[in-house]
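Read the figures in this text as sums done on the coordinates, not as results from a lab. Note that this is a predicted model, so its numbers are computed, not measured. In this analysis, Cβ positions are derived from the backbone assuming ideal geometry, glycine residues included, and neighbour counts consider all displayed protein chains.
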Amino acid sequence: MNINTSIAIQAVLLVLALAVLVLRTWAHYLLKQNLLNLSDIFAWLGWVFSLGWFICSTLALQILIDNPAIGAELVVNSVEYLKTVLVAEYFFDTGIYFPKISIVLFYWTLIPRVLETLRRALLGISIYLGCALLASVLTNTLICLPFSDNWSIENQLKSAWNSYPSFCIQWALNFSTDLLLKHLRLRKEQKIGLIGVFSLGTITLIVSLSRFIAYNVTDFELEDEAGNTLSLAEMSTAVIVVCLPGLRTFIVRSKKSTNRSSSHQLSGYGNHTRIGVGQTSKTGTHKGQAPPSSYAKWGVRDDEIELVTHIRVSHELANPDACSASEQSATSRNLGL
């Protein structure tokens, strides 16, 4: 793979992840919620760090044009290159955890307090994820001492970028957190609404494993063009994964629009009957709609995941009790006529 091809592929992956993030944010805006919640912020941080990796990768690859790697150990005689890849190392090994934090925050919102066992498991995963992130930063910082050896031409093989032990530690921490999140699955009948997350999450694991195998097959001498592309593919895929639940909002809204259009056509002669919460049909039978799902902001319905034993109605939407009280008041007035 040549340098221009590597840069082009990374740019496409980065733009794709950005497009999905924008759609997720737009979906939240359509639902009249805050433009960004905490989970969204970490998803955006994941993309920003992906952008940082892309910029460093592009600069490093451009430097290699004038200062190519030489010898069996692929030594690069450029201090600028060594400093650039060191920054890139921090962008990747730190940024890869932000999408994971985002999905954990999503799970905290999704899983109700009544499921204590699942929430305890989620707490354990959250603690492990935080420890893994801290260990990742410390590994990059302490693996090469003195720290200035990271950009020393003579000692560059000891740097965090060229350290095989550091690579193995970082990959093991990264892959283990992916496995834990993937195994925090719901029951079979509860996975329907999140099937895209788990499916694409499998792709993230495959990309990560492929990157690890590629580096080991080449005795940790994989060319930067291919290695950088695989790294950004892993980061961008992780960002896309955490955005999928929010994108389901568009599907739900589309289905509702279709159903509403169909009901209008069935009412006939232009006399459209709107039956909702607190309203009755012509026969006097209550046909109120179910209270809105508390998971609507994620685009996931209760009948798809069946996590809660009762429905928690959003404060932003109408209160069913208030609607019932209003209905009783209207009935009393009618009886008084």
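Structure notes:
- In this simple spin-label model, placing a label point 7 Å from the Cα along the Cα-to-Cβ direction at both ILE203 and TYR164 gives a separation of 3.3 nm.
- Under-5 Å amide H pairs with VAL75, H placed in peptide plane, nonlocal only: ILE70
- Separation in nanometres of the label points that stand 7 Å from Cα toward Cβ, at ASN77 and LYS182: 4.4
- Protection proxy ranking for 140-151, 212-223, using the average of other Cβ atoms within 10 Å per residue and placing the highest first: 140-151, 212-223.
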